[in-house]
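The values are calculated or read from the model by the stated rules, or taken from the named source; none is laboratory data. Since the model is a prediction, treat every value here as computed from it, not as a measurement. Cβ coordinates were reconstructed from backbone atoms using ideal geometry, including for glycine residues, and neighbour counts include every protein chain displayed. Remember, those area values only see protein heavy atoms, side chains included, never the ligands or the DNA or RNA. Shrake-Rupley method; radii C 1.70, N 1.55, O 1.52, S 1.80 Å.
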Amino acid sequence: MGVVVSVATSVPSFRTFGSLELPGPRSAQEKPARPAHAMPAPQCASCHAARAALRRPRSGQALCGACFCTAFEAEVLHTVLAGRLLPPGAVVAVGASGGKDSTVLAHVLRALAPRLGVSLQLVAVDEGIGGYRDAALAAVRRQAARWELPLTVVAYADLFGGWTMDAVARSTAGSGRSRACCTFCGVLRRRALEEGARLVGATHIVTGHNADDMAETVLMNFLRGDAGRLARGGGLGSRGEGGALPRCRPLQLASQKEVVLYAHFRRLDYFSEECVYAPEAFRGHARELLKLLEAARPSAALDLVHSAERLALAPSARPPAPGACSRCGALASRALCQACALLDGLARGRPRLAIGKGRRGLDEAAPPPRDAGPAARAEQGGE
């Protein structure tokens, strides 16, 4: 069995009691430091038998580990049923990365599958990142074996003409650790997951994005002034326009702290290392900003998520209806979808032309007028 990893939670509104500690990743030999004055734990507000192990950030309710996990699973079930995300009989492709979010998602959906009437398929993507992805895929394979779930792995190299993320990094300017890497990877991963889901006959795709992830995305889009992406960012997923499979995010209303707690109490085995290309990504700045906001307002992440759901654009700012990519047929707001444009730039030896302003040289159609706004540029670079 792999190492059970837990992550520190430092937001002031979050509290654990007594002997429960959730430190960051450490060696198996290292002993956690015990606080000098441990807070006495009250009784669990649900079962009234066990001592509480945590106080939930949103409700302030003190719960033991078992009752917290039961409540967490019930909330995910409510999210799926209330949003009508997964109809009975659905074949669900679970995007499995080996990290905490996809691990918790797969574990919870496996428990809920009989009640939902769905079947699960794990689909993992091998981006070709040396020294990182192999270990993460090993965690996914352990999960698949332990939970007796079918696993399919699709690789960038097979899908995208031999390109891996390491090869992309070598082709981009600078040190190979630039923000461009996350732009490429995000677009190609989405396409790869779609291809893997179709390969296993899935009717729906689920991903492990939690409330913090979505709040970061909202902040990024606000900072970019990207009304098009903001308009598409609400709700719990997409219905599957243009022939794409429907996607949803059952953990979207769960905070990262509670995802980590669920993994801790269920003793889930997951991979916790950060991708080697992540430190310089723009998302990191949004993540730091969100931490500051949560320190002042604990509900900041969910508030941002709900704000995106309620966002209404003026008719003049609404994005145009998407069409089809002239090369692969995928959903696109320009002549080429973003995946084809990025791959085209790589093939020409000019990868930066596929990102941001320089991308217009790759499209086979004329660029939209300057007054079309961010909505008409929705397929341009993003992470």
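Nonpolar atom fraction for the stretch 103-230, defined as the carbon and sulfur part of the 1.4 Å probe accessible area, stands at 50 percent.
Each principal axis of the Cα cloud of the stretch 45-204 was evaluated for its coordinate range; sorted largest first, these ranges are 59, 37, 29 Å.
Solvent-accessible area per residue in the stretch 235-307 equals 47 Å², computed with a 1.4 angstrom probe and all protein chains kept. Near Gly98, the amide H atoms lying under 5 Å from its own belong to Thr103; only residues 5 or more places off or on other chains count, and H is placed 1.01 Å from N. For Lys100, the accessible area of its heavy atoms, probed at 1.4 Å with every protein chain present, is near 40 square angstrom. For the stretch 126-224, GluC sites (Glu not before Pro) are listed when DSSP marks them as loop and at most 12 other Cβ atoms sit within 10 Å of their Cβ; the list is Glu148. Taking amide H as placed 1.01 Å from N in the peptide plane, Cys47 has its amide H under 5 Å from the amide H of Cys64, each at least 5 places away in sequence or on another chain. Computed over all pairs of different Cα atoms, the Kirkwood value for the hydrodynamic radius of the stretch 262-301 is 12.5 Å.
Where the alpha-carbon atoms of the stretch 110-167 are placed on the principal axes, they occupy 44, 21, 12 Å, in descending order.
Amide H contacts of Thr152 (H built 1.01 Å from N, in plane; Pro and chain starts excluded): Leu122, Val123, Ala124 sit under 5 Å, all sequence-distant by 5 or more or on other chains.
For the stretch 176-307, the Kirkwood hydrodynamic radius from C-alpha pairs, put into Stokes-Einstein at 20 °C and a viscosity of 1.002 mPa s, yields a diffusion coefficient of 131 µm² per second.
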